[in-house]
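In what follows, a structure is listed as structure tokens, so that the remarks can point back to it.
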Amino acid sequence: MSSQITYPQPIEQAIAELESWLENLAALGQSSVLGQYTLSPRSLALLLLQKDPDLWSILKQDRKQQQEIEILLTVTQNKLKYPIDLAIAEARQKQAHSLEARTIQATKPAQNSFKETLHRLTINPLTGFPILVIILYFGIYKFVGEFGAGELVDRIEGFFEGQINPVVNQIVAQIIPWQSIQDLIGNDYGIITLGIRYATAIVLPIVATYFLMFSLLEDSGYLPRMSLMLDRLFKSIGLSGRAVIPMVLGLGCDTMATMVTRTLETKRERLIATFLLAIAIPCAAQWGVILGLLAQKPAALMVWGSLVVAIFLVIGFLSAKLFPGKSGAFYLEIPPLRLPKLRNILTKTWIRMKWYFWEILPLFIWASVFIWLGKLTGIFDLIVRAIEPFTVAMGMPAATAPVFLYGFFRRDYGAAGLFDMQQQGSLTGNQLVVAAIVLTLFLPCIAQLQIMIKERGLKTTTAMIAFIIPFAFGMGYCVNLGLNILGVSL
């Protein structure tokens, strides 16, 4: 039984030419390749066809030899429908399956277990997407959105507002005579009353519930299957199924998701993922409040959700066309489905929460300092006045301008400002959906901005922000104009 693998004809022809070339060089005593390896000429030829780094580093010593090999590779590739590496891998896999079929005999027919059936349901787009929608509804919307961002935030925020902030304000007023320093620590935008309160009372419950759900899905083995199911869709936007994880994590906290983009294989993928997280993925604190705002207006909710998803896909598609480089290959081991273990879920959640505090809490404290400086120097008032003409152009009252500025420091604060204006009857349905769209697309929060600078660099982050700001206001203007032209009243 022959063990030699037969490759497609163009590859076999290239192997024969390389073998002859290597043997001729060896006969003339000119081969620097054969002299360093004990492999057969056929094996060396296959390595050369796959551009083995060690062999190519040797070939670089003779530019003429390298050019000859490159020409042969180009000719061979033009005769194939797939990359040479893939064609070689497929031939080897076919041979392995053939050997397996001839040497292994099953004692009884294989039977599809319940786990296997469930596995196939989760990766088949026809059944996988409905399953994903159910998980998003109950796991993200109900558990994280309503319970984490609603019930838990209300209780902890109420405790801060009723028990901690008044005590802090009272103590600072008694021991610090300067009002400006009092404002740095307490009052509306202090390090404790805003920075620590925001990180602990508002973001922590949302992130904790999201990490809990994320760990549950991870321990069950579902996340790799979701990545596999969405791989083809993500390929169209320059990413692979591996990028599903940071995108899903971004629905909890975009700052942490930006850090997780480190796991993506290529620089191009990390760049596209960071850009999409900054422009089209609302964090849990933000989308939780926006869902509450638009819940009583289903049409407005549909307009907001459909437009954000469309922008995510279109921006991703265009980024894939414009950004240089190649997407990484997507190889993923699929673990077996299993019932999640409570100990594993709690351990993973605890580890991620510790990481959250070490990485994120200092950023929120710095955000409080920036807000304090802006209020103290009057820069904020100048920025608000600069934003007002844009809000009016989008069909909203000038009083909406502070919502976008403070939303930069606290995403949910901006959405909460819209909620207050809605309660006061200051915004119509059309104005509300336009504001929600612009707030979603507008600048990422300051914590995410700092991580973007840390991960992608100042120059790249500046370029992204330079696109995001006019794009957000431009989309708001277009949506408002379109609604008015069509005579739609949400």
Using r as the Cβ-Cβ distance of LYS454 and GLN174, and R0 as 35 Å, what FRET efficiency do you calculate, to the nearest 0.05? 0.35
Could you pull out every one of the lysines with an alpha carbon less than 25 Å from that of LYS459, ignoring same-chain neighbours closer than 8 positions? LYS267, LYS321, LYS326
Can you spot the aspartates and glutamates whose alpha carbon is less than 12 Å from LYS115's alpha carbon? Ignore those fewer than 8 places along the same chain. none
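Grab the Cα-Cα distance for ILE469 and LEU322, subtract it from 0.36 nm times how many residues apart they are, and report the gain in nm with one decimal.
Working: separation 147, 0.36 × 147 = 52.92 nm, distance 1.96 nm.
Extra length available between ILE469 and LEU322 comes to 51.0 nm.
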Heads up, segment 353-393 by the C-alpha gyration tensor (a ≥ b ≥ c square roots of eigenvalues; a/c under 1.5 rounded, else a/b over b/c prolate, else oblate) looks oblate
Can you flag which of LYS235/LYS341; LYS142/LYS341; LYS142/LYS454; LYS51/LYS79 are past 29 Å Cα-Cα? LYS235/LYS341; LYS142/LYS454
For segment 219-321, list log₁₀ I(q)/I(0) at each q in 0.15, 0.21, 0.22 Å⁻¹, using the Debye formula over Cα point scatterers of equal strength and ignoring solvent, two decimals each. -0.63, -1.11, -1.18
Starting from the Cα coordinates of the chain, work out the convex hull volume and express it per residue in Å³. 219 Å³
Separation of the LYS235 and LYS354 label points, Cα + 7 Å toward Cβ, nm: 4.0 nm
Two-site FRET efficiency, CYS478 against THR127, from Cβ-Cβ distance with R₀ of 60 Å, rounded to 0.05: 0.95
Label-to-label distance, nm, for residues given as ARG120 and GLU70 (7 Å Cα→Cβ offset): 4.9 nm
What does the extension gain come out to for HIS97 and ALA398, with contour length at 0.36 nm per residue minus their alpha carbon separation? 101.5 nm
Estimated 222 nm signal from helices in the chain, with DSSP H stretches of n ≥ 4 weighted -39500 (n - 2.57), rounded to 500: -22500 deg cm²/dmol
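When the chain is fully extended, how far beyond the present Cα-Cα distance does GLU12 get from LEU346, taking 0.36 nm per residue of separation?
The GLU12-LEU346 span can extend by a further 114.8 nm.
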Segment 37-88: trypsin sites (Lys or Arg not before Pro) in DSSP coil with no more than 10 other Cβ atoms inside 10 Å: LYS60, LYS81
Two-site label geometry, VAL369 and GLU23: point separation in nm, points 7 Å out along Cα→Cβ: 7.3 nm
With the 8 Å Cα cutoff and a minimum separation of six or more residues, the chain has a relative contact order in percent of 14 percent
Go through segment 214-227 residue by residue and turn each phi into a ³J(HN,Hα) via Karplus (6.51, -1.76, 1.60, θ = phi - 60°); whole Hz please, and just put x for glycine and proline. 4, 5, 5, 5, 5, 5, 7, x, 7, 4, x, 5, 5, 4
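Read the figures in this text as sums done on the coordinates, not as results from a lab. The shown structure was predicted, so the numbers you read here are calculated from the model rather than taken from an experiment. As a convention, Cβ positions derive from the backbone with ideal geometry for all residues, glycine included, and neighbour counts pool all protein chains shown.
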